[in-house]
1. Collect residues whose amide H, placed 1.01 Å from N in the peptide plane, falls under 5 Å from the amide H of residue B:183; neighbours closer than 5 in sequence don't count.
2. How big is chain A along each principal axis, measuring the range of its Cα positions in Å and listing the largest first?
3. Nearest 10 degrees is fine. How inclined is helix B:162-177 to the longest principal axis of chain B, computing both from alpha carbons?
4. In whole Hz and in residue order, list the ³J(HN,Hα) couplings for the range A:366-375 that follow from phi through the Karplus curve 6.51 cos²θ - 1.76 cosθ + 1.60, θ = phi - 60°; x for Gly and Pro.
5. What are the label-to-label distances in nm, one decimal and shortest first, from residue A:251 to the same spot in the other copies, with labels 7 Å along Cα to Cβ?
6. What value does the protein assembly as shown have for Rg/Rh, both radii from Cα atoms and Rh as Kirkwood defines it?
7. In Å², rounded to the nearest 100, what is the total accessible surface buried by chains B and A against each other with a 1.4 Å probe?
8. So what are the radius of gyration and Dmax for the Cα set of the range B:219-263, in Å?
Number of protein chains: 2
Amino acid sequence: MPLLGLLPRRAWAALLSQLLRPPCASCTGAVRCQSQGTRDLSPQHMVVREKILDLVISCFKRHGAKGMDTPAFELKETLTEKYGEDSGLMYDLKDQGGELLSLRYDLTVPFARYLAMNKVKKMKRYHVGKVWRRESPSIVQGRYREFCQCDFDIAGQFDPMIPDAECLKIMCEILSGLQLGDFLIKVNDRRIVDGMFAACGVPESKFRAICSSIDKLDKMAWKDVRHEMVAKKGLAPEVADRIGDYVQCHGGVSLVEQMFQDPRLSQNKQALEGLEDLKLLFEYLTLFGIAEKISFDLSLARGLDYYTGVIYEAVLLQTPTQAGEEPLNVGSVAAGGRYDGLVGMFDPKGHKVPCVGLSIGVERIFYIVEQRMKTKGEKVRTTETQVFVATPQKNFLQERLKLITELWDAGIKAEMLYKNNPKLLTQLHYCESTGIPLVVIIGEQELKEGIIKIRSVASREEVAIKRENLVAEIQKRLSES
Amino acid sequence: MPLLGLLPRRAWAALLSQLLRPPCASCTGAVRCQSQGTRDLSPQHMVVREKILDLVISCFKRHGAKGMDTPAFELKETLTEKYGEDSGLMYDLKDQGGELLSLRYDLTVPFARYLAMNKVKKMKRYHVGKVWRRESPSIVQGRYREFCQCDFDIAGQFDPMIPDAECLKIMCEILSGLQLGDFLIKVNDRRIVDGMFAACGVPESKFRAICSSIDKLDKMAWKDVRHEMVAKKGLAPEVADRIGDYVQCHGGVSLVEQMFQDPRLSQNKQALEGLEDLKLLFEYLTLFGIAEKISFDLSLARGLDYYTGVIYEAVLLQTPTQAGEEPLNVGSVAAGGRYDGLVGMFDPKGHKVPCVGLSIGVERIFYIVEQRMKTKGEKVRTTETQVFVATPQKNFLQERLKLITELWDAGIKAEMLYKNNPKLLTQLHYCESTGIPLVVIIGEQELKEGIIKIRSVASREEVAIKRENLVAEIQKRLSES
């Protein structure tokens, strides 16, 4: 994907400033935002998406994942009480008789429902599909109410941290492959988060609510998060301050070692389990050659209710970073974690299937790549047409139709104008404006002599070839280019 | 696609009998129907789908189409009064504040809305996506409430019948490419249908309702359709009988010529226009080499309201057909037509953009191919993994992780078991059951000697190679196979 390269600092600054504006502001020309907070995807969008999705899916397949799909809507009861504070944002279908249905909110809960319903105990699958959330597009900048998710998950009872480490490896492969610039993956563990809460004196009934607040730390300053916890969620100020000390900590495997010695955390059984697992995780990450991309970060909480173990979130860094300068966070582009209890919620007997997975934030990635191409002034071809069939003469429709049939039937991507008597200049201009590289030209003279002219649009050179060699000649030229 | 071949007569009979049963009856194992009339797609389904969609999309691209996407839901008002008698089957979203929304019912109306909204006057696009219809799955056999559509459309003012003929050419290319057996494309024109109604004495106010009845002729006998028209829709019996004479007529271009002489039809201006266009269409179809696949069929009406000109529908024929035997219709697998008025309905000033297009009935095709594979006992691989990393020894996880990293980083699709100490037999069995062709084996001895064993799963042959040649050797073997 030659489009995606590193940007100079100035271009990044321009790009970042655009990222922070709502996307509606940059909608121009072919695509308008619909008032309901969704949007059409133009051919230009689709070309970028196709390239990025191809890269993501081929990485998932490289790791042995199977494809899968679930319906756009689920029984409402399947989705309720799975997402924490965000549950209010679900799209419900109108009650037109039958069950109450809601549009899916992510791809994880439908996957868990699928595993339980079909009693699948082991599965490595990927799923690319749309999800819907009724967020206010003007508040949550850069987001639409319909968006694409790309998920990879490993379900099954395995030895600890091996699948978890593979998920992080996949995130690294995809983010490196997309050449989005430098990135960092923050890692934590729900058991460490909960252990930290317990150690700081958070009542257990408030764990999930406080977790939701902590999750906002990448968008809100600590003092605002602290205010929310104390004023809105009734946490004691001194408890909040104790949390405040922890959430500043981030580092490599040495921080894991350090936390083993922490007087409060080391007293908590759950936290110790989490730390043990993180230690093992870092060992595997080193073998995968990606340990330097991973940061143990105690401020990472992840908002969703269903996580039970390791959690992670990848952020892009401003690039290049000057010495001594704090890398600028341009937002999460991939995230995931372990959820060992979710499948059991759908099983009548509560049988658990441990799972770990990740989701690539492709919408954000699409947007970054599109903006980068704009900044560079890159033009994308929205069709793949290889050959155009033209004529300089009137009444040559029949010959053009015969000719293009030969090309199509040989698998060559070909177009012509849908006119009886188009002007040659119009035909050649169409090729130039749409990027078609070759033109085959047929006229009176060519017909009489049993030849065809092939014209290169770029060089404007024309050569005459025997009519019967047409397909072979075109295929030769296309394979050379 | 080697999976899709011709079937012997007996296998076809078995297949047909299955096609006529509701698909729920054949749901087994990994996939269950959800009660709301939708279903999950298992990895087995997805592999078949991916192959078929690849073929369809590459045909669309061969004809110069751009990709596009629209949201799953539209404003309810966008969709109302576009689909005729089927409009009641729309999924509405619950009113949670904001506009009233409905899930899209097809891809054509959103396309027309897109053209009007963005003032696009000319566009050749394809769109593959899900649509939703609240049909009763037990009544309409073989259909689900969520299904995939693959549309190709040409919008713009062009010389008559050139884009229309290309749509039929595309249908032929796709149906031939899928090797579904013999097929036939029925063609008619809405102006001929309306002209026929007028000539038979149908009051104009009943045109669309009677059109809907005629559309059922592929599923219902004439006497039942006649009964519906007379008893339910209040048509005079003698008018119904006159229609009955026409709808028996089908044939090639000679039938077009014959209808020009028909005493009633030839008096109707609209019908004459339709016949003129069909004559021209057949000329182009001959140049495309597909005229023998096309049948002018006066029973073809198409239920949707928005068609204004040529309409068509492809049906699979029982194959091979015995001499003198009527080919058995196994249902429509592709359809479309011209709709010159739809875009204008979304334009504030009513500016029209003529359109013609087609939709491939991929769900039916998926089902046919899946059943055929079952009949033949064909097994599909649901992953693409090329290499498995194994060890015969304990405590070799670290070496396996290093090895698999090398493979992944070289772009090789590789898997290993997520166990610290898996048994060699378990590892080899995994390769056999999932169809992985190569195993690389590392153990104490190999590590000491700096070698790796490569095992072919099929032949069980093992060779030792130098560790540093691993990636090159694997790539060589994969390119040879």
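The values are calculated or read from the model by the stated rules, or taken from the named source; none is laboratory data. Computed from a prediction, not measured in an experiment: that's the story for all the values here. Reconstructed Cβ throughout: ideal geometry from the backbone, glycine too, with neighbour counts over all protein chains shown. Note: accessible area is taken over every heavy atom of the protein model, side chains too, but ligands, DNA and RNA are not part of it. Shrake-Rupley method; radii C 1.70, N 1.55, O 1.52, S 1.80 Å.
1. B:317
2. In descending order, the Cα extents are 94, 61, 44 Å.
3. 40 degrees
4. For the range A:366-375, the Karplus curve yields 3, 5, 4, 5, 4, 5, 4, 5, 4, 4 Hz.
5. So the distances to the same position in the other copies read 9.1 nm.
6. Radius of gyration over Kirkwood radius for the protein assembly as shown works out to 0.99.
7. On the way: alone 23470 and 23460 Å², together 39220 Å².
The buried area between B and A, both sides summed, comes to about 7700 Å².
8. For the range B:219-263, the Cα-based Rg and Dmax read 12.9, 35 Å.
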